[in-house]
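The values are calculated or read from the model by the stated rules, or taken from the named source; none is laboratory data. Because the structure is predicted, anything quoted here is derived from the model rather than measured. Here Cβ is always computed from backbone atoms with ideal geometry, including for glycine, and neighbour counts include all displayed protein chains. What goes into the accessible areas is simple: the full protein's heavy atoms, side chains included, and nothing from ligands, DNA or RNA. Shrake-Rupley method; radii C 1.70, N 1.55, O 1.52, S 1.80 Å.
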Amino acid sequence: MIKETLEQVREEIRDAEKLAGRAEGSVALMAVSKLHTYENVLEAYACGQRLFGENHVQEVEAKFPLQRPEGMVLHLIGHLQSNKVNKIVPLVDGIDSVDSLRLLEKIEKAATASNKTIEVLFEVNTSGEEQKSGFVSDEALFETLSHAGEMPHIKVKGLMTVGPLGGDADKNRQAFRRLRQLRDECQKRYPSLDFSTLSMGMSGDFPIAIEEGSTMVRIGTAIFGPRNYNL
């Protein structure tokens with residue numbers, strides 16, 4: 001089943017790239033395995049999927065072995081509490097939900113202790129919804145970025161956002177467009193940092209995100225099926 005759904009998603013990404021006038025392969029697919037088994041992850045891996053995302057520290061700890069298959073890349077994409085930084089940094093390749101300078105400083109400290117360099121994306125709350133994490137003000141993001149280049153174990157890769165909850169196409173488009181414009185501003189302000197990744201778009205809205213410039217979409221349900229929240 002996963003083989004078929006994964007290929008369907010890949011085809012839809014290719015169609016969206018073509019519609020947007022983008023080069024085929026310009027958008028990376030992150031398979032989000034939240035509340036799905038490691039066996040499901042391995043099934044997707046066997047079909048050529050290499051980039052995976054998880055939302056919760058506890059699930060990463062419980063699900064993924066320390067020695068993962070060759071080429072498997074794992075990112076934490078959900079909100080990260082500062083008291084769990086030391087647990088997650090040794091287990092993942094990237095953290096895509098940095099939303100404060102304090103959190104970034106803790107990640108740098110933990111990465112130093114683990115003797116590793118970790119990729120980070122900065123999460124921006126583009127919809128202004130109170131229940132969402134992410135930078136709300138551009139100034140707070142810029143202040144954090146101004147320190148990021150001084151952290152040797154942090155590798156800045158770009159920005160991330162989540163579309164409005166229950167948003168219609170126009171609201172989603174506005175949120176994604178805002179992130180793209182903010183990325184452009186960041187590139188001008190911090191030319192020494194890498195902002196090549198624009199992570200936006202999930203199962204319900206990724207074609208719009210690709211139209212608006214997304215370089216990475218985070219797809220879970222469309223690949224792995226409905227989540228069992230009773231687990």
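In the chain, helices alone account for a calculated mean residue ellipticity at 222 nm of -12000 deg cm²/dmol, with every DSSP H run of four or more residues adding -39,500 (n - 2.57). Volume per residue of the convex hull around the Cα atoms, evaluated for the range 42-157, comes out as 116 Å³. Rounded to the nearest Hz, the phi-derived 3J(HN,Hα) couplings of the range 142-149 under the Karplus curve 6.51 cos²θ - 1.76 cosθ + 1.60 (θ = phi - 60°) are 4, 4, 5, 5, 5, 9, 4, x, where x marks glycine and proline. Scanning residues 5 or more positions from SER97 or on other chains, those with amide H under 5 Å from its amide H are LEU121, with H placed 1.01 Å from N in the peptide plane. Under a 5 Å amide H cut-off, with hydrogens placed 1.01 Å from N, VAL32 pairs with GLY53, ILE219, GLY220 among residues at least 5 apart or on other chains. Listed values for the range 36-43 are Karplus-derived 3J(HN,Hα) couplings in whole Hz (6.51 cos²θ - 1.76 cosθ + 1.60, θ = phi - 60°), namely 10, 6, 5, 4, 4, 4, 5, 5, and x replaces Gly and Pro. Roughly speaking, to the nearest percent, how much of the range 1-152's 1.4 Å accessible area is carbon and sulfur? Carbon with sulfur: 49 percent of the solvent-accessible area.
Would you work out the relative contact order for the chain, in percent, from Cα pairs under 8 angstrom that are 6 or more residues apart? In percent, rounded to a whole number, it is 21. For the listed peptides 14-24, 135-145, a ranking on the average number of other beta carbons within 10 Å per residue, highest first, reads 135-145, 14-24. Remark on VAL73: its backbone amide H falls under 5 Å from those of LEU51, PHE52, a criterion applied only to residues 5 or more positions apart or on other chains, H modelled at 1.01 Å from N.
Over the chain, accessible surface divided per residue gives 48 Å², non-protein components excluded, 1.4 Å probe.
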